[in-house]
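Asker: Before I ask anything, let me first share the structure, which is written out below as structure tokens.
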Amino acid sequence: MLDTRVDVQDDRADRSSRVMTMPPSPRVERLRQRYLDTKDKAVIDIARIVTKVMKETEGEPIVTRRGKAFAAIVRGVPVNIYPDELFVGWLFSEPRGTEVWVDQFWLEREFDTISTRETTPFLISEADKRELKEDIFPYWKTQRHSPFIPPALQKEGIVAAGGMKFLPHSIANYEKVLKKGILGIKEDAEERLSRIDLLDPAELEKVPFLQGVIMGLEAAAEIGIRFAEKARERAEGESDAIRKAELLKIAEICSRVPAHPAETFHEALQSVWFTHIMLGWEVSAYAGMSPGRSDQYLYPYYEKDIREGRITPEAAQELLDCWCMRYSQHYMMWQDSPYSISNHTPAHHIDVGGLNADGSNGANDLSYMFLEAMMHTPGMVEPTLGLLVHSKTPDDLLIKACQLTAMGGGYPMYINQDLMVDNLRVRGEATGGRPVTLAIARQFGAGGGCHEPTLSGMESGWYGAGGVRPGIRMATLPAALELALTNGMTRFGDKRVGLETGDPTQFETYEAFRDAYKAQLAWLIKTNSIAANIGEIAHLQPTVFASAITEDCIESGIAKEKGGARYNVGGGTGLTGSVDIGNSLAAIKKLVFDEEKVSMAEMCEALENNFEGHDALHRMCLDVPKFGNDEDDVDEQVAWVTHVTAEETKKYKTTYGGHRFAMQVPMSTYVPAGLPVGALPSGRLSGEPLAAAFSPTQGSDTKGPTAVLKSLGKVDNAEVSLGQTLNMTLDPAVFEKDDGVKRLADLIRTFVDQKLDQVQFNVVSADTLRAAQEEPDKHRELVVKVAGYNARFTLLQKEIQDSIIARTEHGL
């Protein structure tokens, strides 16, 4: 057998050289290697500053405290400049630094092992451990209050859970910062404050927020000055004339942005980066706060520089390459637990291509250059690059993207902007909110986070976590099926956690059983929404900087977390397990009711015993057609459960005014979410991973990629308003043929025609992945698409690695 486990990186390099417009510069390669050689490190700069400010401001309004904390962070984080850099500032102080959250109390249990553990170790100094243990954690433990849950809601199954952190998923208005500068936005806030009617109590309540915004923006305007001073200081001691000139240019750029409007391409890139890292500093974390359609708002500065002879395409490409690499960081440490999701980056999602407001093609030169940047930087796991595909996407842009896909690494994801437009417009129409016009949906629609359709610069964003949950370990859709099969009881006990929907062995029709499942699902969605509301009231904190650069917050005088944004959208129900449900419902319908091959009692007994002693029934369950093979019987069940979940979810609102929506972007949670789920009628065994998002169950899609797309096309995908993820693996041999890239481009056109939301590809063989498990040091640059994000394969937990290996390798 041909050994496919050698020379993987050499093969990629050979393919890269054939499709690149230009080679990466020596500087880019030096920075890339330096980044790969740097170890992940835990830092506590923000935790230290926030703790000090919060101790000093107790008793003041929370928005004032938050404003003071943000200002102190911007003025207090270390200012570091490293060799070869053309941009300055890091998300968390230094390359591959990760900020410790103030309530990451589990870290105390792993202080002695976090630096040496097998999965994603993080360096941490003894001094930082001591400060966390003696000062930071003790204070925040006194601030950690469990949300009050009324007895009536406790009976509904609502329980307190660990964690206070809310993770925002949004896209700020970077273009406003570029055009007005931070000081210009500060003037807007000052002008709005001057119009406050102090005799109106509702207006008076806005004063602390606006004062906090002004305080935060004043500090934000100083970030460039701090780095300009550091750059001049470094330049004074620099003996190399070229590097000295670079440092002086950095100082000149930082003395202008982000305080003032950007004038050049380099200034625009630095201004966006400063804005981006400060958004992360404000919440001490980063999860889904994305730069949006960067090729659109950066293009005017690139075009002007090229037209006026200020920059060459080669120099601009080097700048863009270096800029993109700065996003490749972890955003948090996960504890060493089987229920932890995989290590991953902050989901700095950048989209290119797409539509203009008038429906014309919006791609420009930068759209191609972003794709080139990802070709130049193998081994980087960010930014999460997406191509907004539509019916008018130019062939050469799509081919360029497919060439990038063929190189491996999981870039780019392909997002159907035609469907995204429908999706975003549904948000307003379906909930009675402010209408989203066609032009707004086209121009401002982009993917945030892993992939959540977002109106750039206009939305509140949606929030995850919060410290309250339904009384079920993982509130996934299979949990509702287990409740329907046990009449609301825990499968392995005598505790009632759901509704009484009847003894499943007494249902005479499939429709009666499906109605029982629907009732349990509705209960689960309702309790999940109640839990989210309690958590939001208890823990969701206002932002001043992020709100200031979100449309309408300054004018409304209200933080985006309190409903001040132009559009409010709430996190909702995750569709994790919808494919497992569809497969399971199809099996019950076929085997129990249509063909009567087994009784419901026999099915329940087999499930309770994890199919042990029921080999024949297990085989029958596995043989029932599975989703992803263009089989109407099962595809209809997936479509049904998706529709019901979406309809039930949008009945509920967030505490900040947005309606909740369904989503199918579970990161890597499909693996730990499967641990508490018992055997399912689909044939899946207890504890096995669930299907990955909207993807067929690993290895069950046997009729080719077109059949997968046709199955997914039977679902009303526009209803899943917070996005869907489809993972597919392509056999690398596809691209050994001259027409391989063209065939992939044709498949993407089919994907658009089928009205699907998103698709992303790994181009790597199972043999290569297994080799990486055996010899990780030889495959450290191997990047794969896990879910909505990319990760270095060798740093993933083995369970997640195995789930990726199990995916079907499709030909074209």
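Asker: Would you say Ala285 is modelled with pLDDT of 95 or more and among the small types (Gly, Ala, Ser)?
Answerer: Against the criterion (modelled with pLDDT of 95 or more and among the small types (Gly, Ala, Ser)), Ala285 does not qualify.
Asker: Please verify whether the range 650-670 includes one or more residues that are β-branched (Val, Ile, Thr) and either part of a strand (DSSP E or B) or out of contact with any Asp or Glu (no Cβ under 9 Å at 6 or more places or on another chain) (or both).
Answerer: Scanning the range 650-670 turns up at least one residue that is β-branched (Val, Ile, Thr) and either part of a strand (DSSP E or B) or out of contact with any Asp or Glu (no Cβ under 9 Å at 6 or more places or on another chain) (or both).
Asker: I'd like the residue in the range 798-812 that is open to solvent by less than 10 Å² (accessible area, probe 1.4 Å) and among the hydrophobic types (A, V, I, L, M, F, W, C) and, out of all such residues, is modelled with the highest pLDDT. Give the steps one after another, and end with the answer.
Answerer: Restricting attention to the range 798-812, the residues satisfying the condition of being open to solvent by less than 10 Å² (accessible area, probe 1.4 Å) are 800, 803-804, 810.
Pick out the ones that are also among the hydrophobic types (A, V, I, L, M, F, W, C) and you get 800, 804.
Values: Ile800: 89, Ile804: 93.
By that ranking, first place goes to Ile804.
Asker: Among the listed residues Thr729, Thr750, which satisfies the condition of being polar (S, T, N, Q) and surrounded by fewer than 21 Cβ atoms within 10 Å (Cβ to Cβ)?
Answerer: Going through Thr729, Thr750 in turn, the sole match is Thr750.
Asker: In the range 293-333, which residues are among the hydroxyl-bearing types (Ser, Thr, Tyr) and without any contact (Cβ under 8 Å) to a residue 12 or more places away in the chain?
Answerer: Thr312, the sole residue that qualifies.
Asker: Moving on to the next point. If Ala616 satisfies every condition in (1) closer than 30 Å to Phe751 by Cβ; (2) among the aliphatic types (A, V, I, L, M); (3) without any contact (Cβ under 8 Å) to a residue 60 or more places away in the chain but one, which is the exception?
Answerer: The one condition Ala616 does not meet is (1).
Asker: Right, here's the next one. Among the helices (runs of 4 or more DSSP H) contained in the range 95-209, which hold 3 or more residues that are β-branched (Val, Ile, Thr) and at pLDDT 90 or above?
Answerer: On the way: elements: 126-131, 137-143, 151-155, 174-194, 201-204.
It comes to 174-194.
Asker: Check the range 461-480 and report whether any residue there is on the phi < 0 side of the Ramachandran plot, modelled with pLDDT under 80, buried (at least 24 other Cβ atoms within 10 Å of the Cβ) and not in a strand (DSSP E or B).
Answerer: So the first thing to find is which residues in the range 461-480 are on the phi < 0 side of the Ramachandran plot, and the list is 462-464, 468-480.
Now drop any that are not modelled with pLDDT under 80, which leaves 462-464, 468-475.
This time we only want the ones that are buried (at least 24 other Cβ atoms within 10 Å of the Cβ), so: 462-463, 468, 470.
Then drop every residue that is not not in a strand (DSSP E or B), which leaves none.
No, the range 461-480 contains no residue that is on the phi < 0 side of the Ramachandran plot, modelled with pLDDT under 80, buried (at least 24 other Cβ atoms within 10 Å of the Cβ) and not in a strand (DSSP E or B).
Asker: For residues that are within 22 Å of the chain's Cα centre (by Cα), of a type in the set (Gly, Ala, Ser) and open to solvent by less than 10 Å² (accessible area, probe 1.4 Å), tally how many sit in the range 566-585.
Answerer: 4
Asker: Condition test on Ser271, is it in contact with a Gly (Cβ under 6 Å, 6 or more places away or on another chain), within 26 Å of Asn356 (Cα to Cα), buried (at least 22 other Cβ atoms within 10 Å of the Cβ) and polar (S, T, N, Q)?
Answerer: Details: in contact with a Gly (Cβ under 6 Å, 6 or more places away or on another chain): no; within 26 Å of Asn356 (Cα to Cα): yes; buried (at least 22 other Cβ atoms within 10 Å of the Cβ): yes; polar (S, T, N, Q): yes.
In short, no.
Asker: Kindly provide the set of residues from the range 404-425 that are hydrophobic (A, V, I, L, M, F, W, C) and within 14 Å of Glu452 (Cβ to Cβ), ordered by number.
Answerer: The answer is Met413, Ile415, Leu419, Met420, Leu424.
Asker: Quick check, is Ile250 in contact (Cβ under 8 Å) with a residue 12 or more places away in the chain, open to solvent by less than 10 Å² (accessible area, probe 1.4 Å) and farther than 27 Å from Ala446 by Cβ? Give the steps one after another, and end with the answer.
Answerer: Numbers: in contact (Cβ under 8 Å) with a residue 12 or more places away in the chain: yes; open to solvent by less than 10 Å² (accessible area, probe 1.4 Å): yes; farther than 27 Å from Ala446 by Cβ: yes.
Taking the combined requirement at face value, the residue satisfies it.
Asker: Look through the range 601-624, keep the residues that are open to solvent by less than 10 Å² (accessible area, probe 1.4 Å) and not aromatic (Phe, Trp, Tyr), and return whichever of them is farthest from Val677 (Cα to Cα).
Answerer: Val624
Results for (1) in contact with a Ser or Thr (Cβ under 8 Å, 6 or more places away or on another chain); (2) in a helix (DSSP H, G or I); (3) not hydroxyl-bearing (Ser, Thr, Tyr), shown as yes or no for each residue.
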site: Glu511; (1), (2), (3): no, yes, yes
site: Arg514; (1), (2), (3): no, yes, yes
site: Gln520; (1), (2), (3): yes, yes, yes
site: Gly535; (1), (2), (3): no, yes, yes
site: Thr550; (1), (2), (3): yes, no, no
site: Glu555; (1), (2), (3): no, yes, yes
site: Gly564; (1), (2), (3): yes, no, yes
site: Val579; (1), (2), (3): yes, yes, yes
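Asker: Separate question: Please work out which residue is nearest to Arg75 (Cα to Cα), limiting yourself to the range 230-247 and to residues that are in contact (Cβ under 8 Å) with a residue 24 or more places away in the chain and of a type outside the set (Lys, Arg).
Answerer: Going through the qualifying residues, I end up with Ala231.
Asker: Taking the stated definitions as given, is Pro681 under 30 Å from Glu612 (Cβ atoms) and either surrounded by fewer than 22 Cβ atoms within 10 Å (Cβ to Cβ) or modelled with pLDDT of 95 or more (or both)?
Answerer: Yes: the conditions hold for Pro681.
Asker: Residues that are open to solvent by 10 Å² or more (accessible area, probe 1.4 Å), touching a His at 6+ places or on another chain (Cβ under 9 Å) and not in a helix (DSSP H, G or I): does the range 311-320 have at least one?
Answerer: Yes.
Asker: Determine, yes or no, whether Arg5 is more than 29 Å from the chain's Cα centre (by Cα), modelled with pLDDT under 95, farther than 30 Å from His539 by Cβ and not in a loop (DSSP other than H, G, I, E, B).
Answerer: no
The values are calculated or read from the model by the stated rules, or taken from the named source; none is laboratory data. Just so you know, these numbers come straight off a predicted model, no measurement behind them. Don't worry about glycine lacking a Cβ; one is built from the backbone with ideal geometry, like all the others, and counts go over all protein chains shown. Side chains included, ligands, DNA and RNA excluded: accessible areas come from the protein's heavy atoms. Shrake-Rupley method; radii C 1.70, N 1.55, O 1.52, S 1.80 Å.
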